[in-house]
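Working notes for the structure below.
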Amino acid sequence: MTFIEEPSRKTPILTETDVLVLGGGPAGLAAALAAAREGVDTMLVERYGCFGGVITQAMIGTIAWYRYANTVDAGGIGLEFETIAKNMEGSINIFGNIKNKDMIKTLEQEGLIVNGEPTYEVLDTEVFKHIADKLVQDANITPLLHCTAVDVIMEDQTIKGVITESKSGRQAIMAKRIIDATGDADIAFHSGVPFRKSPKNDLMEVTVNWGCSGINIGKFLMYVYLNPSSIGDWGETSGKEESSFTTYLVEPFNKAKVAGEIPKDVDIESFWTNYTDAGEITSFNGIHMTNIDPTDVWDLTKAEIEGRKRVLWAVEALKKYTPGFKKARLRSIGASLGTRESRKILGEYEITDHDVRNQARFEDSIGICPEFIDGYGIAIMPTTGRYFQVPYGIIVPQKVENLLVAGRCVAGDKISHAATRQMCCCIVTGQGAGVAAAVSIKDNVSCMQVSISKVQEALKKQGVRID
């Protein structure tokens, strides 16, 4: 690699704040809301034009699809997202249009419908853009969109601020505490925090999602009823999930492969989520591509372009081989790749496969997460009320002070990542980070020295289940 030498220059300070959150996805939103609600000045910086991250950029509205009748949840801001969306007509009842009594009975027996209501709300990912704005504004958080943090300002081993790039140029933001919710641990990386990242041929896949309109929903639902899919079709289970209902859809794409319409080496296996009375299914999670490094701009470019090509193949397969799709059209393609795995920090504690499978308990718990593992060919659903506690130590990076990390890049091993990467857990680590940052400021102590008992009490007041 060759280099150029840039001349030294003065960088203007854009603003100063108490808590600075980088990344406005589920973890970052939760972190900013939690900090602001503890009464400290909070700023939320996002590189795209809207908050919501994987919800609004990759069109994933199923933040609680893991929830069954007996699931024990964390509460807090994750539940708030669903409740506010429902009250603002910004969610969709995924089972609301099902008329087939036998199918309804099956869903009731599995615990996906209770007293006539679904166990989870699917967020309308377009409306959520506005909902996120409103949450940020109501909490008096300072929002900044279209802005990317590209470097950090360090003093000894303490982070003091970040350098940003935007249409306004190169600027600095100074903060007492910084929360890295970038997903890829970008701020931690620039700060010198030790991390691990698997070779890209070992990383989880990236996804391009799409939506369709012009669907005869009744015909499609009858097809689903007559051709049911189960969780055991797509992953190793604990046994209890083997025959559980899922929206896994692969038959039309396999038929297109046999017909030579989709290359045989291309994997398309879709999970469809929410549908509307207007004949839309607004999200198919089906274009999965491996051997992509989400921290490599060349790989990201390749995956975006290749993914959109594959979306068109998938839509044609649906139209040709799926009842109800004869007049279907492509409605939308996700504005950005859905990414699952890249850097993971080395933290004060590393959560393990054993922890997430065996209801681990921790004295420094900042919330709970249902025993929900989805990744690396494993599918375990929290149908029986089992859950693990999320320890504060996994969001505290080694070697750098006054920095916390939230979201899918928290410390943990390979299989635990299949749990901690889920939006439900990202929101838990985000809310925990926001409260911890605020408490540490008010007590004038570092993030490493913050009183866990005070953090836990504040989280409980914010509606989080700690134990």
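The values are calculated or read from the model by the stated rules, or taken from the named source; none is laboratory data. Treat the numbers as computed from the prediction; the structure is a model and nothing was measured. All Cβ positions, even for glycine, are placed from backbone atoms using ideal geometry, and neighbour counts span all protein chains on display.
Summary of computed values
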item: Residue match in the range 60-78 (condition: hydroxyl-bearing (Ser, Thr, Tyr) and either at pLDDT below 90 or not in a loop (DSSP other than H, G, I, E, B) (or both)); result: no
item: Out of Glu316, Glu304, Glu280, sole residue that is closer than 14 Å to Phe220 by Cβ, touching a residue at least 60 places away in the same chain (Cβ under 8 Å), among the charged types (D, E, K, R) and surrounded by fewer than 21 Cβ atoms within 10 Å (Cβ to Cβ); result: Glu280
item: In the range 351-373, the residues that are farther than 20 Å from Ala30 by Cβ and not hydroxyl-bearing (Ser, Thr, Tyr); result: Asp353, His354, Asp355, Arg357, Asn358, Gln359, Ala360, Arg361, Glu363, Glu371, Ile373
item: Flag for Ala34 being among the aliphatic types (A, V, I, L, M), at pLDDT 95 or above, over 12 Å from the mean Cα position of the chain (by Cα) and not in a strand (DSSP E or B); result: yes
item: Yes/no for Gly239 being among the small types (Gly, Ala, Ser), part of a loop (DSSP other than H, G, I, E, B) and under 20 Å from the mean Cα position of the chain (by Cα); result: no
item: Subset of the range 328-343 that is touching a Lys or Arg at 6+ places or on another chain (Cβ under 8 Å) and over 10 Å from Val206 (Cα atoms) - its residue that is surrounded by the most Cβ atoms within 10 Å (Cβ to Cβ); result: Ser342
item: Hey, Gly90 touching a residue at least 24 places away in the same chain (Cβ under 8 Å), touching a His at 6+ places or on another chain (Cβ under 8 Å) and under 23 Å from Tyr275 (Cβ atoms) or not; result: yes
item: Residues (over 18 Å from Ile231 (Cα atoms), part of a loop (DSSP other than H, G, I, E, B) and among the hydrophobic types (A, V, I, L, M, F, W, C)) located in the range 357-397; result: Ala360, Phe362, Val396
item: Pairs where the first residue, in the range 152-166, is without any contact (Cβ under 8 Å) to a residue 24 or more places away in the chain and not assigned by TED's automatic domain parsing to the domain that holds Ala188 and the second is small (Gly, Ala, Ser) and surrounded by fewer than 16 Cβ atoms within 10 Å (Cβ to Cβ), C-beta under 9 Å, 6+ apart; result: none
item: Output for the range 185-221, where each listed residue is among the hydrophobic types (A, V, I, L, M, F, W, C) and closer than 22 Å to Leu312 by Cα; result: Val206, Val208, Trp210, Cys212, Ile215, Ile217, Phe220
item: Test for His354: is it surrounded by fewer than 16 Cβ atoms within 10 Å (Cβ to Cβ) and either modelled with pLDDT of 95 or more or assigned to a helix (DSSP H, G or I) (or both); result: yes
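Residue-by-condition table, conditions (1) of a type outside the set (Val, Ile, Thr); (2) within 29 Å of Phe81 (Cα to Cα); (3) surrounded by fewer than 20 Cβ atoms within 10 Å (Cβ to Cβ):
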| site | (1), (2), (3) |
| --- | --- |
| Met103 | yes, yes, yes |
| Val122 | no, yes, no |
| Phe128 | yes, yes, no |
| Asp133 | yes, yes, yes |
| Val152 | no, no, no |
| Gln157 | yes, no, yes |
| Ile173 | no, yes, no |
| Ile187 | no, yes, no |
